[in-house]
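A short write-up of the structure that comes next.
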Amino acid sequence: MRSETEVNRAVEEYADMIRRVCFYHLKNQADSEDVFQEVFLKYMLREEPFCDKEHERAWLLRVAINACKDLLKSFFRRNVVPLDVISEIEAEVSDEQREVLEAVLSLPKKYKDVIYLHYYEGYSASEIGKILDKKENTVYSLLSRGRGMLKNFLTDEKDSFGKAGR
């Protein structure tokens with residue numbers, strides 16, 4: 001492990017260069033700072049000496065570039081959508097669909113789960129039984145009772161707004 005003075009000297013000497021390389025590859029300040037820290041942590045933990053300053057500089061550059069590439073190809077990076085992008089996307093849900101979804105979500109948990117899995121995610125009763133560790137016939141019963149509760153809830157809600165109930 002390198003001494004504190006040696007690490008401080010390397011940070012002072014190469015910090016700007018490493019930050020530029022990281023930002024060039026990642027185009028994101030927060031990720032650049034993460035990789036920057038990772039590079040100098042690897043530098044601190046490296047025990048083999050460098051031949052000269054040019055070897056040290058080349059090693060730091062190579063580690064920074066590789067760390068940037070690793071971050072860019074990571075599973076998390078490829079499969080996550082930033083929150084600011086999500087907030088810009090408006091859900092295209094009609095008022096009626098929203099009303100039904102709110103009714104489903106207001107059900108007791110045991111009914112809500114089976115109704116949601118069946119109607120929104122498309123699972124069959126046997127698949128839901130395996131997921132929730134329940135017998136298939138129990139799932140059918142929960143679906144039936146849940147539908148009845150939804151019907152009552154939605155009918156009562158329409159009646160409370162002065163619309164004709166079914």
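Is segment 125-145 home to any residue that is under 16 Å from E99 (Cβ atoms) and either open to solvent by less than 90 Å² (accessible area, probe 1.4 Å) or out of contact with any Pro (no Cβ under 9 Å at 6 or more places or on another chain) (or both)? If you could, list the steps in order and put the result at the bottom.
Let us first name the residues in segment 125-145 that are under 16 Å from E99 (Cβ atoms), namely none.
Within segment 125-145, none of the residues are under 16 Å from E99 (Cβ atoms) and either open to solvent by less than 90 Å² (accessible area, probe 1.4 Å) or out of contact with any Pro (no Cβ under 9 Å at 6 or more places or on another chain) (or both).
Within 27 Å of the chain's Cα centre (by Cα) and free of Cβ contacts under 8 Å to residues at least 24 places away in the same chain: does that describe Y116? Please lay out each step first, then the result.
On the way: within 27 Å of the chain's Cα centre (by Cα): yes; free of Cβ contacts under 8 Å to residues at least 24 places away in the same chain: yes.
Criteria met by Y116.
Give the residues of segment 7-57 that are open to solvent by less than 60 Å² (accessible area, probe 1.4 Å), part of a helix (DSSP H, G or I), free of Cβ contacts under 8 Å to residues at least 40 places away in the same chain and more than 21 Å from L72 (Cβ to Cβ), sorted by residue number.
Passing the criteria: V7, V11, A15.
Can you report the number of residues in segment 58-75 which are farther than 16 Å from S32 by Cα and either modelled with pLDDT of 75 or more or open to solvent by less than 70 Å² (accessible area, probe 1.4 Å) (or both)? Break it down stepwise before answering.
Filtering segment 58-75 for residues farther than 16 Å from S32 by Cα gives 58-59, 75.
With either modelled with pLDDT of 75 or more or open to solvent by less than 70 Å² (accessible area, probe 1.4 Å) (or both) added as a condition, the list becomes 58-59.
Adding up the residues that qualify gives 2.
The values are calculated or read from the model by the stated rules, or taken from the named source; none is laboratory data. In this text the structure is predicted, and so the values were computed from the model without any measurement. Cβ sites come from the backbone with ideal geometry, for glycine too, and all protein chains shown count toward neighbours. Accessible surface is based on the protein model in full, side chains and every heavy atom, while ligands, DNA and RNA are left aside. Shrake-Rupley method; radii C 1.70, N 1.55, O 1.52, S 1.80 Å.
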